[in-house]
Amino acid sequence: MQQLLRKQSVVAIGFLAPSLIGFAIFYLIPFALGVVYSFMDRTIGGSFVGLANYKELLASDSFRKASTNTLFFTGTSVPILIVVSLLLALLLNQNVFIRKWLRTAYVLPLVVPVASIVMVWQIMFDWNGALNGWLNSFGLERVDWMNSEWARWVISVAYLWKNVGYNIILFLAGLQSIPSDYYETADLEGAGPFRKLTSITLIYLIPTLFFVVLMSIINSFKIFRETYLIAGDYPHDSIYMLQHYMNNMFYSLDVQKLTAAATLMVVVIFVLVLGMLTLERKFRQFME
């Protein structure tokens, strides 16, 4: 038996080796080097400067603005996304008319390339775009959507539209894993729809909710692609994100600030993930 397990372990390692090697070469090793560079004064022949790069980074107005905008975007868009996707999942889990068509419509953004999404958003929110054309037809003034405070909400809508389908799939999987016996028992006891929602559905959906929140937070840090393609290198101040800051540092070859900012962002994400996993583990122990 031990020999069989050893052979299976060797086979498993052989299948995993290409992925592990690729991950190490293209992700793990470059990130480790980036962390080292964040404590150096230059990349080639540099000397150790401790936390000097981080102090300079935290004193930068651009970095503070980018951090504030990123935290605000994540703190507002993620809760809205969770609520909207959960409500739609609850709706699609019922026997609703054209349910299959609605499911297809919500999943469609997952397979649409980012460039196509950006093109649609540019057509909608440009100064001469469709939305301003509709406003003008009703006698209202045009709005410069991407060069005003409205830009923040335009990006939030793009984030919701892109990610709501993925969250719906996860929520539907969680809803369909809840045993129907619980609902039948609740019906026999005279529980109403709201009581069943709060006492059964939401309680047993919490593990799925933890995972959805975690993935939504991670995906919120990927909004840079849409923002960059729509608004360029230097967008409106309200949508100047951490990724914009790091991208501009890369163009100016300021590797020390770039790596320091990337390290801080990874630390923040790691702390959030660790906190979510800790809460999920405590809840699972409580349920057991």
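The values are calculated or read from the model by the stated rules, or taken from the named source; none is laboratory data. None of these values were measured; they are calculated from a predicted model. Please note: Cβ atoms are built from the backbone with ideal geometry, for glycine as well, and neighbour counts cover all protein chains shown. Each accessible area value is taken on the protein alone, full model and side chains, heavy atoms only, with ligands, DNA and RNA left out. Shrake-Rupley method; radii C 1.70, N 1.55, O 1.52, S 1.80 Å.
For mean projected area of the Cα convex hull in nm², pick the label among (1) 19.5; (2) 23.4; (3) 15.0 that corresponds to the value derived from the coordinates.
(2)
In whole percent, and with a 1.4 Å probe on the protein chains, what portion of the accessible area of the range 137-288 is carbon and sulfur? Mind showing how you got there, number by number?
On the way: 5530 of 8430 Å².
The nonpolar share, carbon plus sulfur, comes to 66 percent.
Under the classification rounded if a/c is under 1.5, otherwise prolate if a/b is larger than b/c and oblate if not, where does the range 1-83 fall, given a ≥ b ≥ c as square roots of the Cα gyration tensor eigenvalues? Walk me through the numbers on the way to the answer.
Numbers: a/c = 4.21, a/b = 1.52, b/c = 2.78.
Verdict is oblate for the range 1-83.
Can you give the FRET efficiency for R142 and E56, using 1/(1 + (r/R0)^6), R0 = 45 Å, r = Cβ-Cβ distance, to the nearest 0.05?
Details: r = 42 Å, r/R0 = 0.92.
Efficiency for this residue pair is about 0.60.
Enumerate the calculated ³J(HN,Hα) couplings along the range 131-139 in order (Karplus 6.51 cos²θ - 1.76 cosθ + 1.60, θ = phi - 60°), each rounded to whole Hz, writing x wherever the residue is Gly or Pro.
Values per residue, Gly and Pro as x: 5, 5, x, 5, 4, 5, 5, 9, x Hz.
What residues have an amide H closer than 5 Å to that of M40, excluding those fewer than 5 places away on the same chain, when H is modeled at 1.01 Å from N in the peptide plane?
Under 5 Å from the amide H of M40: V49.
Under the rule of -39500 (n - 2.57) per DSSP H run of 4 or more residues, summed and divided by the residues of the chain, what mean residue ellipticity at 222 nm is obtained, to the nearest 500 deg cm²/dmol?
On the way: 14 runs with 209 residues, N = 288.
After summing the helix terms and dividing by residue count, I get -23500 deg cm²/dmol.
Please work out the FRET efficiency for the pair V273 and F15, using the Cβ-Cβ distance as r and a Förster radius of 25 Å; give the result to the nearest 0.05.
Details: r = 27 Å, r/R0 = 1.06.
The computed FRET efficiency comes out at 0.40.
Skip the ligands, DNA and RNA, and give the accessible area per residue of the range 48-184 with a 1.4 Å probe, whole Å². Please report the intermediate quantities before stating the final value.
On the way: 7990 Å² over 137 residues.
It amounts to 58 Å² per residue over the range 48-184.
Does the range 145-276 classify as rounded, prolate or oblate by the C-alpha gyration tensor (a ≥ b ≥ c root eigenvalues; a/c under 1.5 gives rounded; else a/b over b/c gives prolate, otherwise oblate)? Before the final figure, lay out the partial values.
On the way: a/c = 4.02, a/b = 2.30, b/c = 1.75.
It is prolate, given that a/c is not under 1.5 and a/b is the larger ratio.
How much length would be gained if the chain were fully extended between D237 and V83, taking 0.36 nm per residue of separation minus their Cα-Cα distance, in nm to one decimal?
Length gained, D237 through V83: 52.7 nm.
Could you tell me whether the range 4-162 comes out rounded, prolate or oblate from its Cα gyration tensor? Rule is a ≥ b ≥ c as square roots of the eigenvalues, rounded for a/c under 1.5, then prolate if a/b exceeds b/c, otherwise oblate.
It comes out oblate by the Cα gyration axes.
Which FRET efficiency value, to the nearest 0.05, is calculated for N95 and I206 with the Förster distance at 22 angstrom and r the Cβ-Cβ distance? Walk me through the numbers on the way to the answer.
On the way: r = 25 Å, r/R0 = 1.14.
With R0 = 22 Å, the Cβ-Cβ based efficiency is 0.30.
Given points 7 Å out from each Cα along the Cα-Cβ axis, report the A130 to D181 separation in nanometres with one decimal.
Distance between the two pseudo-spin positions: 5.0 nm.
Across the range 267-283, in residue order, what do the Karplus-derived ³J(HN,Hα) couplings come to in whole Hz, using 6.51 cos²θ - 1.76 cosθ + 1.60 with θ = phi - 60° and x for Gly and Pro?
4, 4, 4, 5, 5, 4, 5, 4, x, 5, 5, 5, 4, 5, 5, 5, 5
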